[in-house]
Structure formats: structure tokens, C-alpha cells
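The values are calculated or read from the model by the stated rules, or taken from the named source; none is laboratory data. In this text the structure is predicted, and so the values were computed from the model without any measurement. When we count neighbours, we look across all protein chains shown, and the Cβ atoms used for this are built from the backbone with ideal geometry, even at glycine. Heavy atoms of the whole protein, side chains included, go into the accessibility calculation; ligands, DNA and RNA do not. Shrake-Rupley method; radii C 1.70, N 1.55, O 1.52, S 1.80 Å.
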Amino acid sequence: MTVVNADSSTVVLQGVSRWFGQKVAVSEITAEFGAGVTGLLGPNGAGKTTLLRVLTGLIRPSEGTVTVFGTDPRSDPSVYGRIALVPEDENVYGFLSAAEFVTHNARLQKLPNPIEAARQALETVDLSEVADRKLVGFSKGMRQRAKVAAALVHQPEVLVLDEPLNGTDPVQRAHLTRIFTDMGRQGRTVIVSSHVLHEVERMADRVIAMVDGRLAASGTVPALRTAMSDIPLQIRVDCDQPRRLAAALVERDWVGGINVEATSLHIRSLDAEQLGRALPGLAKALDVRITRVDPEDESLESVFRYLVEDR
């Protein structure tokens, strides 16, 4: 059982499982979420959406407990004034304008000035100019931003997002990413579920990988990668004489393999620290000019690939 800890936890799951008939969607998850952005990663069917519905109180866990701000969201409706969910499904009323849709959510939250709150939320997601247009005529990315505006209208302390960047163009993605990261910096709890790994990597302070309904790993990307010390690191080295440098490196026992290209090496290193210490001396001795050294697999893409292979 993997435990995810966060300082000043706002959302706590203890031994949570959820099954539907014979199908186990989420199994024995113990996790804590606090201030900042946490990325929830996993392939389709990993149990991410079910977990988000459980922690927001939309469905009851089959086993275990969920608390948000120290209380069960299913038994204390006041919690819903402090949290918000942006679901992956459309969940918008096409016959409403964006302003009407967001204002409706503001009224449900019993805000003192729902029209003004909706105006500010729409401005935050850059939909002010189209606020009076019907949602049915919006693109998928615009509808996604309207959903985010509706979630932000009451300024929640916990924001839960299920694939929030689906259908958005690069400019919209960058804008929404800034909104979510800013909320994390303000001390709010932001939980983002996504399969777009490089986008989560830009947003998240912490990442959690789910596989087959279980938490497979958690932590920062570099920390996860370092923990998998038995897996060779892939290092790229750009230089002016890659074959000469490769011939010297291939004899080292901490090199597992090398692919040579016209101006670079791709080294599978069993000890990146040893490689880092050796490269300057080798380059000087061999008169090789090194212009770049980068890890190629400290991305979430590679971390997740290592986690799920052989499963």
C-alpha cells in the first residue's frame, strides 16, 4: 500500500477501495493531499476518475474512509462550499450562455453577488468576450474553460480536475496551466488527473501513478526516477566526436549500452554520478568538445513507462 503525504493535508484517504460488482476499480489506497498541485497519472481504466469521485463525495467507498477538511463530504454538505470538481464529461447545459451557466453555479453556492462572481470567473478563464454566447456553439476547449470557470466561481480551497485540458489549444492550455499552478502557490489543494504526462509535469509539485486501481508510485519526478535505481538512466551527450567518446565509455562497467548518432551519444548508464564525474576528464584527454549533457528519461513519460511495463 502506497502512502502519499502532504503538509497540512486537506484531503485524506485511508484504505480506500471501490468496486462495482466483481470489478475492483480502486484498491486499498491510502493518500493525503495538501497545498500545491498533485498530478494523478495512469492509463484509461487505472481508476483515476473513480478515485476523484470518491474523494469528492460523489460516490461512497466500498471500504475505507475519506475526509476533506477533517469531515466526510457525504455526511457534511458544508464541505461542498470549499471544494470544486471539473469532471471529464461535458456536463454543461447547451441552451445556457456561459454567463448563465457560471452564474447558476454561483447561485448554488449561495454567493452574495452571483453575477459579479460569474463575471470574474469568466474573466479568469478568458471567456469574457463570449460570455453571452450559448454553450452549444462553443468548441470543446471553450466548454472546458466554462466548466473551469463554474468550478472557480466560489474560489474553492480544493480544486479537483479530471482531464481539464482536453480539447484545448496550446494557448488555452498554457493559460489554464498558469491558473492551476497559481492556485497551488496560493496554498490551495489542486489535484489534476491526466494522461497528458508532459502537461502534468509542468503543473505538478508531486505526482502519483495509478495502475490497475492501485497507487504504483508517488513523489517528485526526479525522486521517483532516483528511487528506481535498478533501472539504467538514459543520458544524452552532444559532442563533436561521438565515436571517439563512445569507444572510451563502452569499456566502463557502469555503462550498459551506447547508441551513436552524428553529433550525439545516447548512453544507458547504471550509475549517472560516475558518468558525470568521468565525462570532463575523458573529454579533455580525448580532445572532445562536449556541448550538452541531459537526462532523457526524467520525464513523467519515462517514469510511467517503467512503472507499467511487465504489468
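Pairs of alpha-carbon atoms within less than 8 angstrom and 6+ residues apart define the contacts here; what relative contact order does the chain have, in percent?
The normalised contact order for the chain reaches 19 percent.
Can you give the FRET efficiency for D205 and A285, using 1/(1 + (r/R0)^6), R0 = 51 Å, r = Cβ-Cβ distance, to the nearest 0.05?
So, using R0 = 51 Å, E works out to roughly 0.75.
Report for the chain the percent antiparallel among DSSP-assigned beta bridges with both residues inside it, nearest 5.
On the way: 35 of 56 bridges.
Beta bridges within the chain, antiparallel portion: roughly 60 percent.
When the helices in the chain are scored as -39500 (n - 2.57) per DSSP H run of 4 or longer and the sum is shared across all residues, what 222 nm value do you end up with, to the nearest 500 deg cm²/dmol?
Numbers: 10 runs with 105 residues, N = 311.
Value at 222 nm, helices only: -10000 deg cm²/dmol.
Among DSSP beta bridges lying fully in region 118-228, give the percent that are antiparallel, nearest 5.
Roughly 50 percent of the DSSP beta bridges within region 118-228 come out antiparallel.
What's the angle, to the nearest 10 degrees (0 to 90), between helix 272-286's Cα axis and the longest principal axis of the chain?
Approximately 40 degrees, to the nearest ten.
From the square roots a ≥ b ≥ c of the eigenvalues of the alpha-carbon gyration tensor of region 1-138, which class results: rounded (a/c under 1.5), prolate (a/b over b/c), or oblate? Spell out each step's value before the answer.
Values: a/c = 2.24, a/b = 1.79, b/c = 1.25.
It comes out prolate by the Cα gyration axes.
So if R0 is 22 Å, what FRET efficiency would Q120 and D76 give, r being the distance between their Cβ atoms, rounded to the nearest 0.05?
The calculated FRET efficiency here is 0.20.
Going by the alpha-carbon gyration tensor, a ≥ b ≥ c the square roots of its eigenvalues, is the chain rounded (a/c under 1.5) or, if a/c is not under 1.5, prolate (a/b greater than b/c) versus oblate?
The shape class here is prolate.
What is the extension gain from K134 to V293, computed as 0.36 nm multiplied by their sequence separation minus the C-alpha to C-alpha distance, in nm to one decimal?
Full-extension gain reported as 52.1 nm.
Taking a probe of 1.4 Å, how large is the accessible area per residue of the chain, in Å²?
Heavy-atom SASA per residue in the chain reads 49 Å².
Quick one: how many lysine pairs in the chain have C-alpha atoms under 24 angstrom apart, if they're 8 or more apart or on different chains?
So the count works out to 6.
Going by the alpha-carbon gyration tensor, a ≥ b ≥ c the square roots of its eigenvalues, is region 118-241 rounded (a/c under 1.5) or, if a/c is not under 1.5, prolate (a/b greater than b/c) versus oblate? Mind dumping the intermediate values first?
Values: a/c = 2.47, a/b = 1.89, b/c = 1.31.
It is prolate, given that a/c is not under 1.5 and a/b is the larger ratio.
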